[in-house]
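*Asks:* One structure coming up, written as structure tokens, with questions to follow.
The values are calculated or read from the model by the stated rules, or taken from the named source; none is laboratory data. On a predicted model such as this, the values are computed, not experimentally measured, just so you know. With ideal geometry, Cβ positions are generated from the backbone for all residues, glycine too; neighbour counts draw on all protein chains shown.
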Amino acid sequence: MEAVAEDYDTRDILRPLVFRLHENVPAIVREVLLERGWTEFDKKGQDDTDWNLYWRNSPFRMADHHSIKPWQRLNHYPEAVRITRKDYLARHLKRMKGAYGSALYEFSPVAFIMPNDYMKFIAEYSKERESVGRRPSYWICKPVDLSRGRGILIFQDIKDLVYDCAVIVQKYISNPLLIAGYKLDLRLYVCVTSFRPLTVYTYEEGLVRFATEKFDLGSLDDVYAHLTNTSINKYGASYKKYKEGIGCGCKWTFSKFRSYLRIFGVDDVVLWQKINNIVILTLLAVTPLPVASNCFELFGFDILIDDKFKPWLLEVNYNPALCLDCSIDDAVKRKLLHDVVELLNYKQVDAFRQNRVAGAEAGRWRVPWRAAAESASGLLPRQKVAKCPSASSVRPALRAARGSGRKAASLATKTAAAHPRKTLTSQLREGMNMPKTPSGGKAEAENKQLPGAGHSPRQPAQLSRWLPTPDFCNDKTMRPYFLSDKDQRPVPRVGDFVLIFPFNEAALQASRDGTDVKSIIKEISKSVSKQLPSKQNTKKRVGCLTAV
């Protein structure tokens with residue numbers, strides 16, 4: 001251990017983190033990481049393992065997951081495609097509906113996977129047509145593995161159903177919530193930092209995506225009236241025009257959307273609680289995924305709201321679009337990526353990119369919650385190095401790791417008093433946008449010490465009220481951003497990412513050893529019973545929202 005300590009040089013303390021990008025990764029990912037003081041991996045001049053973050057649009061090989069180092073992160077979990085391919089998602093949700101009832105899993109339109117379910121679809125289609133007084137449904141046909149609205153067909157008469165690849169056919173939601181006559185949906189960003197145990201964060205800000213022509217069931221072939229994909233609407237004739245009630249372009253932020261809803265008395269808190277439930281229930285359908293360490297997954301959940309304010313899951317995106325088509329994209333996605341990096345909780349020691357502890361790769365970092373909890377309490381040498389400002393203080397810390405756990409913990413406690421824990425990237429940038437601490441605000445003064453505080457200074461009750469803090473996180477003794485030393489609990493908030501699972505103590509316990517889906521479903525059912533929708537003046541409000 002002492003020999004390893006001698007390898008460190010004072011200059012290593014300022015060594016930057018390194019990112020590695022696969023081809024076709026959006027430019028904003030590189031821009032954000034460079035803004036944070038990172039450097040890009042040089043394949044010719046650096047060793048294959050000399051990087052901290054590897055970001056790619058396609059899945060990693062299992063060999064990449066098996067050879068992961070303690071200082072590295074991958075932006076995909078193995079087999080995350082289980083919920084991002086439309087036919088897989090439909091099968092998983094159908095299975096969960098059969099196992100746990102339709103009361104909870106009635107948030108996805110009825111789906112038929114073609115060509116296997118063709119006869120089932122014909123039976124359902126014929127049953128509706130033969131029902132007296134029942135209005136025939138509209139249907140939407142989507143290729144199972146395409147994105148950005150490609151290949152989508154909306155129809156009412158089966159003679160119009162034509163496809164030449166694997167598709168799913170779903171009931172089309174023909175009564176969507178409209179604003180000024182335009183259809184919209186929500187792009188919600190969800191980051192899963194662990195599937196074992198399941199740990200889920202949703203991003204407070206997001207994108208409201210509008211169609212650029214007014215909704216009209218009489219023109220099903222008008223993609224600009226029925227599809228909200230920006231990749232389609234940015235080529236529409238009305239995209240750059242000012243549209244009454246919406247403005248130019250085709251996007252709002254969640255903040256603007258919530259403000260708009262409140263004007264008409266809509267309880268957006270209840271709405272987002274329902275959306276959070278959809279996210280959790282969807283992820284439970286594929287939990288657990290294969291064991292993999294040092295991974296995270298950024299999903300894009302597409303949610304449509306109908307005129308009764310019921311949210312529907314349309315699909316889950318594997319690589320949510322990070323291209324910048326407008327200023328709203330830049331404002332939302334740039335900060336999103338900054339907060340994703342903060343959520344990864346890099347330490348100074350990760351910049352060394354060396355194995356310092358014998359047996360580290362044998363599983364010491366394999367359990368994210370345990371590792372971070374030990375790191376926060378000073379039981380891991382990686383955290384001792386992170387707190388040390390010079391090589392001279394690195395050596396005694398590393399030597400101390402050879403002693404008893406009690407001595408190591410004591411040393412970490414003393415050092416922490418003098419050197420508050422911060423992530424490397426926040427320290428590199430702490431002078432850039434550090435908010436001033438209001439006088440007389442003790443809590444605010446403590447928050448100023450948190451990693452990421454310079455980048456995410458706001459903790460507004462106005463924004464966080466619709467994503468309530470989990471019940472079990474109301475422990476004032478828990479250090480934000482790190483995990484509780486005693487209970488190994490995930491941090492409730494990082495930047496604008498808010499923890500939505502586990503959401504209470506029972507859910508936390510049910511996700512500790514494996515995932516007790518049945519117990520978690522029971523807890524969600526309890527919370528749903530408390531989220532009864534408000535029926536006050538619903539029709540009046542809808543009329544206001546849909547008015548032209």
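*Asks:* What are the residues in the stretch 498-522 that are of a type in the set (A, V, I, L, M) and over 16 Å from CYS191 (Cβ atoms), if any?
*Replies:* Taking the stretch 498-522 first, the residues of a type in the set (A, V, I, L, M) are 498-500, 506-508, 510, 517, 520-521.
Of everything in the stretch 498-522, those that are of a type in the set (A, V, I, L, M) and over 16 Å from CYS191 (Cβ atoms) turn out to be ALA506, ALA507, LEU508, ALA510, VAL517, ILE520, ILE521.
*Asks:* Filtering the stretch 118-136 down to residues that are modelled with pLDDT under 90 and among the small types (Gly, Ala, Ser), which residue is surrounded by the most Cβ atoms within 10 Å (Cβ to Cβ)?
*Replies:* Only one residue fits best here, namely SER131.
*Asks:* Go through (1) farther than 13 Å from LEU314 by Cα; (2) among the aliphatic types (A, V, I, L, M); (3) within 25 Å of the chain's Cα centre (by Cα) for VAL144 and report which single condition fails.
*Replies:* Going through the list (1) farther than 13 Å from LEU314 by Cα; (2) among the aliphatic types (A, V, I, L, M); (3) within 25 Å of the chain's Cα centre (by Cα), VAL144 breaks only (1).
*Asks:* I need a count of the residues in the stretch 154-178 that are over 20 Å from ALA123 (Cα atoms) and either of a type in the set (D, E, K, R) or surrounded by fewer than 19 Cβ atoms within 10 Å (Cβ to Cβ) (or both).
*Replies:* The total comes to 4.
*Asks:* Oh, and also: Does any residue of the stretch 272-293 turn out to be assigned to a strand (DSSP E or B) and either under 16 Å from the mean Cα position of the chain (by Cα) or touching a residue at least 24 places away in the same chain (Cβ under 8 Å) (or both)?
*Replies:* First, the residues of the stretch 272-293 that are assigned to a strand (DSSP E or B): none.
Among the residues of the stretch 272-293, not one is assigned to a strand (DSSP E or B) and either under 16 Å from the mean Cα position of the chain (by Cα) or touching a residue at least 24 places away in the same chain (Cβ under 8 Å) (or both), which makes the answer no.
*Asks:* Another question, then. Taking the residues in the stretch 1-19 that are in contact with a Leu (Cβ under 7 Å, 6 or more places away or on another chain) and at pLDDT 90 or above as candidates, determine which candidate is surrounded by the most Cβ atoms within 10 Å (Cβ to Cβ).
*Replies:* Per the criteria, the residue is LEU17.
*Asks:* Any residue in the stretch 115-132 that's more than 18 Å from CYS165 (Cα to Cα): show its pairings with residues that are in a helix (DSSP H, G or I) and not basic (Lys, Arg) at Cβ separation under 6 Å, as long as the two are six or more apart or on different chains.
*Replies:* TYR125/ILE158
*Asks:* Among the residues of the stretch 23-42, is there at least one that is closer than 20 Å to ALA321 by Cα, among the small types (Gly, Ala, Ser) and either outside any helix (DSSP H, G or I) or modelled with pLDDT of 90 or more (or both)?
*Replies:* Yes, the stretch 23-42 contains a residue that is closer than 20 Å to ALA321 by Cα, among the small types (Gly, Ala, Ser) and either outside any helix (DSSP H, G or I) or modelled with pLDDT of 90 or more (or both).
*Asks:* Ok, one more. Looking at the stretch 246-268, which of its residues are surrounded by 16 or more Cβ atoms within 10 Å (Cβ to Cβ) and either closer than 14 Å to ALA180 by Cα or over 19 Å from the mean Cα position of the chain (by Cα) (or both)?
*Replies:* ILE246, GLY249, CYS250, LYS251, TRP252, PHE257, ARG258, TYR260, LEU261, VAL266, ASP267, ASP268
*Asks:* Follow-up question, since we're still on this one. If you take the residues in the stretch 270-287 that are farther than 17 Å from THR199 by Cβ and touching a helix residue (DSSP H, G or I) at 6+ places or on another chain (Cβ under 9 Å), which one is surrounded by the fewest Cβ atoms within 10 Å (Cβ to Cβ)? Let's see the steps before the verdict.
*Replies:* Here is the first cut: in the stretch 270-287, the ones farther than 17 Å from THR199 by Cβ are 270-275, 278.
Among the residues that remain, those that are also touching a helix residue (DSSP H, G or I) at 6+ places or on another chain (Cβ under 9 Å) are: 271-274.
On the way: LEU271: 21, TRP272: 23, GLN273: 20, LYS274: 18.
Out of the qualifying residues, it is LYS274.
*Asks:* Which residue pairs have Cβ atoms closer than 7 Å, lie 6 or more positions apart in sequence or on different chains, and pair a first residue in the stretch 317-336 that is closer than 21 Å to SER147 by Cα and touching a residue at least 24 places away in the same chain (Cβ under 8 Å) with a second residue that is of a type in the set (Asp, Glu) and not in a loop (DSSP other than H, G, I, E, B)?
*Replies:* ASN317/ASP302; LEU324/ASP330
*Asks:* LYS539 - would you say it is at pLDDT 75 or above, over 26 Å from LEU298 (Cα atoms) and either surrounded by 20 or more Cβ atoms within 10 Å (Cβ to Cβ) or charged (D, E, K, R) (or both)?
*Replies:* When the stated conditions are applied, LYS539 does not pass them.
*Asks:* Right, here's the next one. Can you pull out every residue in the stretch 153-165 that is of a type in the set (A, V, I, L, M, F, W, C) and under 11 Å from LEU220 (Cβ atoms)? Before the answer, list the steps.
*Replies:* Step one: filter the stretch 153-165 for residues of a type in the set (A, V, I, L, M, F, W, C), giving 153-155, 158, 161-162, 165.
Answer for the stretch 153-165, where residues must be of a type in the set (A, V, I, L, M, F, W, C) and under 11 Å from LEU220 (Cβ atoms): LEU153, ILE154, PHE155.
*Asks:* Here's another thing I want to ask about it. Scan (1) surrounded by fewer than 22 Cβ atoms within 10 Å (Cβ to Cβ); (2) under 15 Å from the mean Cα position of the chain (by Cα); (3) closer than 17 Å to ASN229 by Cα; (4) at pLDDT 95 or above for the single condition ASN319 breaks and write down its number.
*Replies:* It fails just one condition, (4).
*Asks:* Looking only at the stretch 288-316, how many residues end up being modelled with pLDDT under 95, crowded, with 18+ Cβ neighbours inside 10 Å and among the aliphatic types (A, V, I, L, M)?
*Replies:* Matching residues across the stretch 288-316 total 2.
*Asks:* Follow-up question, since we're still on this one. Do you know which residues across the stretch 77-117 are β-branched (Val, Ile, Thr) and either crowded, with 19+ Cβ neighbours inside 10 Å or not in a helix (DSSP H, G or I) (or both)? Show your work before the answer.
*Replies:* Keep residues of the stretch 77-117 that are β-branched (Val, Ile, Thr), which gives 81, 83-84, 110, 113.
Passing the criteria: ILE83, THR84, VAL110, ILE113.
*Asks:* Right, next: Of the residues that make up the stretch 68-85, is at least one of a type in the set (A, V, I, L, M, F, W, C), under 27 Å from ASP145 (Cα atoms), at pLDDT 95 or above and in contact with a His (Cβ under 9 Å, 6 or more places away or on another chain)?
*Replies:* Initially, the stretch 68-85 is screened for residues of a type in the set (A, V, I, L, M, F, W, C), giving 68, 71, 74, 80-81, 83.
If we keep only those that are under 27 Å from ASP145 (Cα atoms) as well, we get 74, 80-81, 83.
If we keep only those that are at pLDDT 95 or above as well, we get 74.
Pick out the ones that are also in contact with a His (Cβ under 9 Å, 6 or more places away or on another chain) and you get 74.
Scanning the stretch 68-85, I find at least one residue that is of a type in the set (A, V, I, L, M, F, W, C), under 27 Å from ASP145 (Cα atoms), at pLDDT 95 or above and in contact with a His (Cβ under 9 Å, 6 or more places away or on another chain), so the answer is yes.
*Asks:* I need the full set of residues from the stretch 55-84 which are among the aliphatic types (A, V, I, L, M) and over 21 Å from VAL341 (Cβ atoms), in order please. Quick ask: steps written out before the conclusion?
*Replies:* Within the stretch 55-84, the first condition is being among the aliphatic types (A, V, I, L, M), and the residues that meet it are 62-63, 68, 74, 80-81, 83.
Matches in the stretch 55-84: MET62, ALA63, VAL81, ILE83.
*Asks:* List the number of the failed condition for PRO136; all other conditions in (1) touching a helix residue (DSSP H, G or I) at 6+ places or on another chain (Cβ under 7 Å); (2) part of a helix (DSSP H, G or I) hold.
*Replies:* Against the list (1) touching a helix residue (DSSP H, G or I) at 6+ places or on another chain (Cβ under 7 Å); (2) part of a helix (DSSP H, G or I), PRO136 comes up short only on (2).
*Asks:* Assuming GLY133 fulfils every condition listed in (1) within 30 Å of GLU244 (Cα to Cα); (2) over 26 Å from the mean Cα position of the chain (by Cα) apart from one, which condition is it?
*Replies:* (1)
*Asks:* Now for a separate question. One residue is enough: does the stretch 188-211 have a residue meeting the conditions among the charged types (D, E, K, R), more than 27 Å from LEU324 (Cβ to Cβ), out of contact with any Phe, Trp or Tyr (no Cβ under 9 Å at 6 or more places or on another chain) and part of a loop (DSSP other than H, G, I, E, B)? It would help to see each step written out before you state the result.
*Replies:* Of the residues in the stretch 188-211, the ones among the charged types (D, E, K, R) are 196, 204-205, 209.
Narrowing further to those that are more than 27 Å from LEU324 (Cβ to Cβ): 196.
With the extra rule that they be out of contact with any Phe, Trp or Tyr (no Cβ under 9 Å at 6 or more places or on another chain), the set shrinks to 196.
The next check asks that each one be part of a loop (DSSP other than H, G, I, E, B); those that pass are 196.
Within the stretch 188-211, one or more residues are among the charged types (D, E, K, R), more than 27 Å from LEU324 (Cβ to Cβ), out of contact with any Phe, Trp or Tyr (no Cβ under 9 Å at 6 or more places or on another chain) and part of a loop (DSSP other than H, G, I, E, B).
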